[in-house]
Amino acid sequence: MIRKILIVSIAMSSTAMAQTKITPYLSLSGGYGMLNDSDIKLNGVDLPEATYDDGTIIEGAVGLKFDKGMDVSPLRAELALAHQTNDDQDGDETTMQTLMVNAYLDIFTGTPLSPYLTIGAGTANVDNEAVGDDDSAALQAGAGLGYALTKNIILDLKYRYIMAEDLEFKSAGSKATVEISGHQLQLGARYEF
């Protein structure tokens, strides 16, 4: 009985994958990056929060869209590299470079408009020119709206919340721990092959 169930399951999953259209794509976007005030501890002692000016972000990605047909919302998976720059309250530049694996659920509407939800995980390198840099795990979640200009070109407006925690900056025998989080609003384009 178990053998029959296994054979049927394999046959069904093979049929489902055979019916899935896989479309590679490239995307490029840029926009506004706002970092939240950061909690800072220096050698375990709380310091006043760091504040940041609004900044810019640019992001490129390569991905795959998995589409089962017109009546089913497609899924996408991508690898994205982003660079965000903000100045802190002292005028020192803070940059955050991320390498993320993102997943998307495009919501089928039957129109050129396609809202979507996204989540992602990866790594962030945060560098402040006054105190140095550190790497951390990063998470993000968001939503967006795609508009199909043509069969292959989609305009993309997206919002994301991103966070990188447990960053450690060491300088002259001192250790500062910082949590970075913020909001990103980007406009870009996606080209599907």
In nanometres, the difference between 0.36 nm per residue of separation and the alpha-carbon distance of Q89 and D133 is 14.1 nm
Going residue by residue through the range 151-164, the Karplus relation 6.51 cos²θ - 1.76 cosθ + 1.60 with θ = phi - 60° gives ³J(HN,Hα) values, rounded to whole Hz and with x marking Gly or Pro, of 4, 10, 10, 10, 6, 9, 10, 9, 10, 9, 9, 10, 8, 9
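Let me know the number of lysine pairs in the chain closer than 20 Å at the Cα, not counting same-chain pairs under 8 apart.
Values: K21/K65; K21/K68; K21/K151; K41/K170; K41/K175; K65/K151; K65/K158; K68/K151.
Going through the chain pair by pair, I get 8.
Suppose R0 equals 41 Å; then what is the FRET efficiency for T23 and T51 from their Cβ-Cβ distance, rounded to the nearest 0.05? Write down the numbers at each step before the final one.
On the way: r = 43 Å, r/R0 = 1.04.
Given R0 = 41 Å and the Cβ-Cβ separation, E is 0.45.
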Taking protein heavy atoms only, a 1.4 Å probe, and rounding to whole percent, the accessible area of the chain owed to carbon and sulfur comes out at 64 percent
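Using 1/(1 + (r/R0)^6) with R0 = 30 angstrom and r between the beta carbons of S171 and I58, what's the FRET efficiency to the nearest 0.05? Mind showing how you got there, number by number?
Working: r = 29 Å, r/R0 = 0.96.
Computed FRET efficiency for S171 and I58: 0.55.
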Under the Karplus relation with 6.51, -1.76 and 1.60 and θ = phi - 60°, whole-Hz ³J(HN,Hα) for the range 30-35, x at Gly and Pro, equal x, x, 9, x, 10, 8
Highest GNM mean-square fluctuation among G132, G122, G55, for the chain with Cα springs under 10 Å, belongs to G132
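Given charges of +1 on the Cβ of Lys and Arg and -1 on the Cβ of Asp and Glu, with all other atoms neutral, how large is the dipole of the range 75-131 about its Cα centre, in debye to the nearest 20? Display every interim value, and only then the final one.
Values: 1 positive and 9 negative charges, 127 e Å.
Value, rounded to 20: 620 debye.
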In degrees, nearest 10, the alpha-carbon axis of helix 2-18 is tilted away from the dominant principal axis of the alpha carbons of the chain by 80 degrees
So, for the Cα atoms of the range 97-145, Rg and Dmax in Å stand at 15.5, 51
Answer check: the range 120-179, Cα atoms, Kirkwood Rh, Rg/Rh ratio of 1.24
Of the residues L117, Q89, V131, the Cα lying farthest along the dipole of the range 87-142 towards its positive end, which is defined by charges on the beta carbon of Lys, Arg, Asp and Glu, belongs to L117
For the chain, the Debye formula with one identical point scatterer on each Cα and no solvent gives log10 I(q)/I(0) at q = 0.14, 0.16 Å⁻¹ as -0.81, -0.96
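Per residue, how large is the accessible surface of the range 49-193? Use a 1.4 angstrom probe and give square angstrom.
Details: 7380 Å² over 145 residues.
On a per-residue basis, the range 49-193 sits at 51 Å².
Sort Y52, Y147 from largest to smallest accessible area, using a 1.4 Å probe on the heavy atoms of the protein chains.
On the way: Y52 35, Y147 100 Å².
Largest accessible area first, the list is Y147, Y52.
The values are calculated or read from the model by the stated rules, or taken from the named source; none is laboratory data. Since the structure is predicted, the reported quantities are computational estimates derived from the model, not experimental observations. Don't worry about glycine lacking a Cβ; one is built from the backbone with ideal geometry, like all the others, and counts go over all protein chains shown. In case anyone asks, the SASA skips ligands and DNA or RNA and just uses the protein heavy atoms, side chains included. Shrake-Rupley method; radii C 1.70, N 1.55, O 1.52, S 1.80 Å.
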